[in-house]
1. Give the range 58-114 a look and list any residue that's outside any helix (DSSP H, G or I) and farther than 28 Å from Lys13 by Cα, or say none.
2. Are there any pairs with C-beta distances below 8 angstrom linking a residue in the range 41-59 that is farther than 16 Å from Gly104 by Cβ to a residue that is outside any helix (DSSP H, G or I), with the two at least 6 apart or on different chains, and if so which?
3. If you check Leu30, Leu74, which single one turns out to be of a type outside the set (D, E, K, R) and crowded, with 17+ Cβ neighbours inside 10 Å?
4. Just give me the residues in the range 17-66 being among the acidic types (Asp, Glu) and either touching a Pro at 6+ places or on another chain (Cβ under 6 Å) or over 29 Å from Ile82 (Cβ atoms) (or both), in sequence order.
5. Hey, does the range 23-42 have a residue that's farther than 22 Å from Leu113 by Cα, of a type in the set (Gly, Ala, Ser) and modelled with pLDDT under 95?
6. Of the residues in the range 41-53, how many are surrounded by 14 or more Cβ atoms within 10 Å (Cβ to Cβ) and either aromatic (Phe, Trp, Tyr) or outside any loop (DSSP other than H, G, I, E, B) (or both)?
7. Looking at (1) within 27 Å of Gly112 (Cα to Cα); (2) at pLDDT below 95; (3) under 15 Å from the mean Cα position of the chain (by Cα); (4) of a type outside the set (Gly, Ala, Ser), find the lone condition where Met54 falls short.
Amino acid sequence: MATENWWVKEAEKRIAIMRNIKLAIVFVVLNILDAALTVAALSKGGVCELNPIMRGLLVQPGWVFWTTKISLALVFALALLIFSNKYPRPIHRIFLALVGVMAGICLFNLVGLL
């Protein structure tokens, strides 16, 4: 009986970790989409980058902005995934919030293009 409970808990934990991995991928993809939409909106004119750190990177060569943006998203997602092994549910909630915020930012940038 005790081993059955252990197996069920382990299976639930693995499922939760897989959900977190999927959300981490969505988070990184949304960051890349955000960067592309930001660059497109800025080249069109009439908008500005609200994040002061990214605003400073946008005046640098293009590869600096892209490398920094994608690297930060990857490092942050990987750090959360490391913690999700021990705390799968709280990290899941954090990823859900991050994906929601990034989706909102992408929609905001998309409206800036119109």
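The values are calculated or read from the model by the stated rules, or taken from the named source; none is laboratory data. Not measured: the values here are computed from a predicted model. Virtual Cβ from ideal backbone geometry, glycine too; neighbours counted across all protein chains shown.
1. Selection gives Val59, Gln60, Pro61, Leu114.
2. Leu42/Cys48; Leu42/Glu49; Arg55/Cys48; Arg55/Glu49; Leu58/Glu49
3. Among Leu30, Leu74, only Leu30 is of a type outside the set (D, E, K, R) and crowded, with 17+ Cβ neighbours inside 10 Å.
4. Glu49 - this is the single residue of the range 17-66 that is among the acidic types (Asp, Glu) and either touching a Pro at 6+ places or on another chain (Cβ under 6 Å) or over 29 Å from Ile82 (Cβ atoms) (or both).
5. For the range 23-42, residues farther than 22 Å from Leu113 by Cα, of a type in the set (Gly, Ala, Ser) and modelled with pLDDT under 95: absent.
6. Summing the residues that are surrounded by 14 or more Cβ atoms within 10 Å (Cβ to Cβ) and either aromatic (Phe, Trp, Tyr) or outside any loop (DSSP other than H, G, I, E, B) (or both) in the range 41-53 gives 2.
7. Failed condition: (3).
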